[in-house]
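A short write-up of the structure that comes next.
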């Protein structure tokens, strides 16, 4: 079930062409571990036979399944904690003041994976901001992978997943147990709008955003794609809107029209003309 150098090179090119994600040369082991289950599920006896099949036809469902298998879907509830504290203590209270007239708030989780991030935001809003009752709050969650988007929409998680970052009181309050799994309440699920978006490709029409959560995804793209994504995110942000990136990510040397804004232990980015 191992890939030859030529086969891995093809997988690298396929992933780059279809998602703009850069699969480094030292990630062959990752490709093999993620593609083996797909090969077995699709009825192939080896990774080589699956690659051979991919090479004989135009891009179709199998090609997309391969690309989706290679996208990184590491996530957890309230991941990294501090960004959510910044939202709770500083950012959302200030937005409630500046948006008091319009009573509108738009938040986008731009690479939601299996949904833990946008559901964490939804629980935060419900728990700490009762004053938003009656507001038009739009919480959009997008993902490239159709499989991950379906999982996020269903809002169903294993015991291990709910054990990662989710306070017990929120598990009891917002989840219902189904056998060995837990599912987010229908009421909370209905508050999210799920959209399929390839960040490196075409973006559908989205409303101007107060907050964009683009965390831990830019690191997988090349420089030019990073610049393109940041430019489009900046154009989508409201004048005083804020962009969240992952702890290892920055706009530095990519888009100098952003300025850093610190909230205690969290760094956000705002357009300089704000």
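The values are calculated or read from the model by the stated rules, or taken from the named source; none is laboratory data. Model, not experiment: these values are computed from the prediction. Glycine gets a Cβ as well: all are built from the backbone with ideal geometry, and neighbour counts include every protein chain shown.
Filter the helices (runs of 4 or more DSSP H) completely within the stretch 9-80 down to those with at least 2 residues that are in contact with a helix residue (DSSP H, G or I) (Cβ under 7 Å, 6 or more places away or on another chain) and closer than 24 Å to residue 223 by Cβ.
Details: elements: 28-41, 47-55, 61-70.
Result: 28-41, 61-70.
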Report summary line: Checked 15, 22 against criteria (assigned by TED's automatic domain parsing to the domain that holds residue 54, surrounded by fewer than 20 Cβ atoms within 10 Å (Cβ to Cβ) and modelled with pLDDT under 95); the one match is 22
Requested in this report: State whether the residues of the stretch 46-68 include one that is at pLDDT 90 or above and under 30 Å from residue 134 (Cβ atoms).
Outcome: no
Query - Members of the stretch 141-154 that are surrounded by fewer than 18 Cβ atoms within 10 Å (Cβ to Cβ) and more than 18 Å from residue 182 (Cβ to Cβ) - result: 146, 147
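Looking only at the stretch 117-140, filter to residues that are out of contact with any strand residue (DSSP E or B) (no Cβ under 8 Å at 6 or more places or on another chain) and in a helix (DSSP H, G or I); which one of those is surrounded by the most Cβ atoms within 10 Å (Cβ to Cβ)? Before the answer, list the steps.
Keep residues of the stretch 117-140 that are out of contact with any strand residue (DSSP E or B) (no Cβ under 8 Å at 6 or more places or on another chain), which gives 120, 123-124, 126-131, 133-134.
Imposing the further condition that a residue be in a helix (DSSP H, G or I) reduces the set to 120, 123-124, 126-128, 130-131.
Numbers: 120: 23, 123: 20, 124: 17, 126: 17, 127: 14, 128: 15, 130: 8, 131: 11.
For the stretch 117-140, the residue satisfying everything is 120.
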Query raised in the report: In the stretch 246-271, which residues are more than 19 Å from residue 95 (Cβ to Cβ) and either surrounded by 11 or more Cβ atoms within 10 Å (Cβ to Cβ) or under 17 Å from the mean Cα position of the chain (by Cα) (or both)?
Result: 246, 247, 248, 249, 250, 251, 254, 255, 257, 265
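Filter the stretch 217-245 down to the residues that are out of contact with any strand residue (DSSP E or B) (no Cβ under 8 Å at 6 or more places or on another chain) and in contact (Cβ under 8 Å) with a residue 40 or more places away in the chain and list them by number. Before the answer, list the steps.
Initial filter on the stretch 217-245 (out of contact with any strand residue (DSSP E or B) (no Cβ under 8 Å at 6 or more places or on another chain)): 217, 219, 222-228, 231-232, 235.
Of everything in the stretch 217-245, those that are out of contact with any strand residue (DSSP E or B) (no Cβ under 8 Å at 6 or more places or on another chain) and in contact (Cβ under 8 Å) with a residue 40 or more places away in the chain turn out to be 217, 222, 225.
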Query raised in the report: Here are some conditions: (1) closer than 30 Å to residue 183 by Cα; (2) assigned by TED's automatic domain parsing to the domain that holds residue 200. Residue 64 meets all but one. Which one does it not meet?
Result: (2)
Requested in this report: Check every one of the helices (runs of 4 or more DSSP H) wholly within the stretch 145-200 and list those with 1 or more residues that are modelled with pLDDT under 95, touching a strand residue (DSSP E or B) at 6+ places or on another chain (Cβ under 8 Å) and closer than 30 Å to residue 227 by Cα.
Outcome: 146-154
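For the condition free of Cβ contacts under 8 Å to residues at least 60 places away in the same chain and closer than 27 Å to residue 159 by Cα, what is the one hit in 33, 49?
Numbers: 49 fails: closer than 27 Å to residue 159 by Cα.
Of the residues listed, the single one that is free of Cβ contacts under 8 Å to residues at least 60 places away in the same chain and closer than 27 Å to residue 159 by Cα is 33.
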